[in-house]
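The values are calculated or read from the model by the stated rules, or taken from the named source; none is laboratory data. None of the values given here were measured: they were computed from a predicted structure. Positions of Cβ are backbone-derived with ideal geometry, glycine not excepted, and every protein chain shown enters the neighbour counts. Accessible surface is based on the protein model in full, side chains and every heavy atom, while ligands, DNA and RNA are left aside. Shrake-Rupley method; radii C 1.70, N 1.55, O 1.52, S 1.80 Å.
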Amino acid sequence: MDSLENMRTVIIESLRYYANLRYATGEVNRLLIVDRDSDNYLILLEGWENRERIHGCLVHLQIIDNKIWIQRDGIEHGIATDLLEAGIPNNKIVLGFKSEHIRPYTEFAIK
């Protein structure tokens, strides 16, 4: 399996795990959204908790220039941990939700 296809597989398997978890309270669905054409992968939360509408992105990953960009990360321990455990090297992961001037101080790729 080539590197790009491996990244896609790891992303989808990791996100599928979180999409299948039940939301702690309320009637909130976790929807796994996969767009292979643009290499965007996310989990969307939608539903109701008490009387409050829940609708938003839990986690959003993109593949850009053969690197996984984490654009949004609402996973408690961080989705990067799962990617690393699945064999994605840290120089192939960009914390896109961090400012460019902060990224050099992380253990991940800058861009």
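What to note about this one:
- Criterion (free of Cβ contacts under 8 Å to residues at least 40 places away in the same chain and either surrounded by 14 or more Cβ atoms within 10 Å (Cβ to Cβ) or in contact with a helix residue (DSSP H, G or I) (Cβ under 8 Å, 6 or more places away or on another chain) (or both)) met by exactly one of ILE79, ILE88, ILE75, ILE70: ILE70
- Only residues that are under 19 Å from GLU27 (Cα atoms) and open to solvent by 50 Å² or more (accessible area, probe 1.4 Å) were counted across segment 50-67, and they come to 5.
- Within segment 25-40, the set of residues being of a type in the set (Lys, Arg) and either surrounded by fewer than 14 Cβ atoms within 10 Å (Cβ to Cβ) or closer than 18 Å to LYS67 by Cβ (or both) comprises ARG36 only.
Rundown of residues vs (1) under 12 Å from MET7 (Cα atoms); (2) in a helix (DSSP H, G or I); (3) not acidic (Asp, Glu), yes/no style:
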residue: LEU45; (1), (2), (3): no, no, yes
residue: LEU84; (1), (2), (3): yes, yes, yes
residue: ASN91; (1), (2), (3): no, yes, yes
residue: SER99; (1), (2), (3): no, no, yes
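- Condition met for ARG22 (surrounded by fewer than 13 Cβ atoms within 10 Å (Cβ to Cβ), within 18 Å of the chain's Cα centre (by Cα), within 22 Å of ASN66 (Cβ to Cβ) and basic (Lys, Arg)): no
- Segment 12-46: number of residues that are modelled with pLDDT under 95 and of a type in the set (Val, Ile, Thr): 2
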